[in-house]
Every structure is written in C-alpha cells, then in structure tokens.
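Below is one structure, written out as structure tokens; the observations come after it.
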Amino acid sequence: MPSINKLFKNESKVMLFILVGPIIIGFILACVIPLIHNTYNIDSCLDAGGSFNYESCECDFKESHLVPENHKCN
C-alpha cells in the first residue's frame, strides 16, 4: 500500500486550518466582545462619577446602587 505524500499531508492541514480557523476565531470573538463591552460600559460610568444600576444595566447619576452578587450585566 503506497504511503501518502508528506507534502499532501501538510497541504491538507493548512487547508483545514484555513477552513476551520475563521469559524473558531469568530466564535471566540462573539463570546469575548460582549464581556469586554459590558465591562467598558460599567467602568466608563464609574469614571464619569455615576453609579451603575445593575438591574437595568444603565448608568445612574442621581442614585447610588450596590453591586448585587449575581447580576445580568456581565
């Protein structure tokens, strides 16, 4: 039984990465970007002198809010 050409094996691996790589990278970015965005919103609210309302996920400059243990904004 003839063996598979080494160059063909390498090309196959590269083609697999080219096809599957963008899908994996896109999935990772889709999971990470919302977390970064929420953290940025909270941080910019606190830097501006506001208090972040974790129930409505909005910045509040009138009332001070406590951070609940389990909140939906992260």
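Using a Förster radius of 25 Å, what is the FRET efficiency between C57 and I28 based on their Cβ-Cβ separation? Nearest 0.05, please.
That gives a FRET efficiency of 0.60.
Which of the GluC sites (Glu not before Pro) across the chain are loop residues per DSSP, with 12 or fewer other Cβ within 10 Å?
E55, E63, E69
The chymotrypsin sites (Phe, Trp or Tyr not before Pro) of segment 42-74 that meet both conditions, a loop assignment by DSSP and at most 12 other Cβ atoms within 10 Å of the site Cβ, are F61.
Each reported figure results from applying straightforward, stated rules to the coordinates on display, with no laboratory input. Since the model is a prediction, treat every value here as computed from it, not as a measurement. Note: ideal-geometry Cβ built from the backbone for every residue, glycine included; neighbour counts use all protein chains shown.
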